[in-house]
Each structure stands twice: as structure tokens, then as C-alpha cells.
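The values are calculated or read from the model by the stated rules, or taken from the named source; none is laboratory data. All values derive from a computational prediction rather than experimental measurement. A quick note on method: Cβ atoms are made from the backbone with ideal geometry, for glycine too, and the neighbour counts reach across all protein chains shown.
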Amino acid sequence: MDTLGIPGLIVVAVIILYLLNSIKILREYERGVIFRLGRILPQPKGPGLILVFRPFDSMVRTSLRQEVLEVPPQDVITRDNVTLKVNAVITLRVLDPTRAVMEVTNYVYQTSQFAQTTLRSVLGEVELDELLSHRDSLNMRIQTIIDQRTEPWGVKVVSVEVKQVDLPESMLRAMAKQAEAEREKRSKVIHAEGEFAAAERLVEAADLLAKQPVTLQLRYLQTLTEIGVEKNTTIIFPLPIEIMSLLNKFTSNVHNPAHPEERT
């Protein structure tokens, strides 16, 4: 130690401090893109312990985890001229840290800007009903377009989800009226189908009763039994079916006499 002297100790201490300051620890999901004398190294460093010798080296940390990017609400005019506000959520991750650093200044900001324009252009080509009912296919279409744009940057768009569609109040009222009219239409159709089915059954019952007149008498007695069970003040006068038959014959003879000259 005496042979080094104070200057030597200072130099050793500076070297030790420099080496300690050069030690960097990268987490499992992090990669370090190293620029040595201004030139980028072919492969990123990490994870674990790496050495960055400043000022010759500089490092840019890049995360490989998925990032969620919220696209702010965009004013969209659909193909059927409906104005609405739409926002979306984009999930992306870095696959190639080197290209993500070299190709773009800020891949998150540029992805956000391109997503806004893509959202307006794609949704502006569809009608409102398609936007509301086929949202999955539209999400896939937007994702494909954005992913093709970000692929040269080494960034993968994992998913795109249209988060919320804000409709104007007038359109909400119009859609409510349309839904109400559709429900009423279905109700009338179902009621008409029920009436038609009931009419068919009544025709079949009438044919059966016409073939067997005794069944009409039995049905008459069954009706009397059902009425008699209830506690009410209804008074019933049973009228035999034969009397109704005689009245029908008499009525037919009056309207269709055998000798028309007798009427004069």
C-alpha cells in the first residue's frame, strides 16, 4: 500500500467506483439496447447483470411486457351519416427491442396517432347497425391494419377493442322507437298465428261434432256441469237439442215454401 502512495490509491478508488457505476441490472422483462460510440450493438443485453461503460456506452431500457394504450374518443361519421364518438383500447408489446428503438422515436405515441386515424377511417366505412352488431370483425380489421404498420418497428399489436360508442340523444330515441315497433310487430304476428291455430282447431272440432250429433249433447251437459260447480246466481233453462232442430226446419220451410203461389 505504501508503494502506491496517495495518488495510486485515488486512481484505484476511481476505477472501482467506475466499475461499480457501470454495473446495471435488468429485470426479466427488460432488455437494454446498447449504443457504443454512437453505434448500436447487434443484440440487446439482458436480463440480469450487464456492464455499461460510460461515456463510451449508452443504454436504452425497453420493456417486453404488454402495454395497454387507450385511444381517446374520436368523432366518427358512419356511412349512413350518423355522428358518434368512439374510443378504443389497444394492447401491444415489443418483440424486437433494437428495431423499436432504431425505427421510431416513441413507438407508443406513434401507435396511438396511427390508431386514431385508422379508427376513424375504418368505422367511417360501415353503417351504424354493422358497428353495433359486428364489432368483433371490425376489431380484427383495425388490429390487422395497425399491426401491419407497426410490424417494421418490431412492435406487435395483440388486440384492439372498441371500448365505447356514444350515440346522440336523438339517435337513442329513434332506436328505442324502432325496437318498440319491432316488438309490437312480433307480438301481432304471434297473436295472429295463435288465432289461426285456434281457428283450425275449431274447424276440426266442428267437423267432428257434425259427424256425431250425440257429442254436441254431451258437450252441452258438460257445460251445465261446469257452470253448476261455480257459486253464482246464473239461472239456466235447459233446451233440448231436438227442439233446436225443429226450429231450424220450421225456419227453413218459412223462407223456402214448397208452393210459392200460396204466398199470394
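Regarding VAL60, is this residue out of contact with any Asp or Glu (no Cβ under 8 Å at 6 or more places or on another chain), surrounded by 13 or more Cβ atoms within 10 Å (Cβ to Cβ), under 22 Å from ARG93 (Cα atoms) and in contact (Cβ under 8 Å) with a residue 24 or more places away in the chain? Considered against the rule, which asks whether it is out of contact with any Asp or Glu (no Cβ under 8 Å at 6 or more places or on another chain), surrounded by 13 or more Cβ atoms within 10 Å (Cβ to Cβ), under 22 Å from ARG93 (Cα atoms) and in contact (Cβ under 8 Å) with a residue 24 or more places away in the chain, VAL60 comes out as yes. Does at least one position in the stretch 193-216 carry a residue that is modelled with pLDDT under 80, assigned to a helix (DSSP H, G or I), outside the structural domain of TYR109 (by TED's automatic domain parsing) and of a type in the set (Ser, Thr, Tyr)? So far as the stretch 193-216 goes, yes, one or more of its residues are modelled with pLDDT under 80, assigned to a helix (DSSP H, G or I), outside the structural domain of TYR109 (by TED's automatic domain parsing) and of a type in the set (Ser, Thr, Tyr).
Considering every residue within the stretch 128-145, establish whether at least one is farther than 29 Å from THR83 by Cα, surrounded by 14 or more Cβ atoms within 10 Å (Cβ to Cβ) and out of contact with any strand residue (DSSP E or B) (no Cβ under 8 Å at 6 or more places or on another chain).
Among the residues of the stretch 128-145, not one is farther than 29 Å from THR83 by Cα, surrounded by 14 or more Cβ atoms within 10 Å (Cβ to Cβ) and out of contact with any strand residue (DSSP E or B) (no Cβ under 8 Å at 6 or more places or on another chain), which makes the answer no.
Within the option set VAL108, VAL104, VAL86, VAL122, being assigned to a loop (DSSP other than H, G, I, E, B) and modelled with pLDDT of 90 or more holds for one residue only, VAL104. Tallying residues that are assigned to a strand (DSSP E or B) and hydrophobic (A, V, I, L, M, F, W, C) within the stretch 48-71 yields 8.
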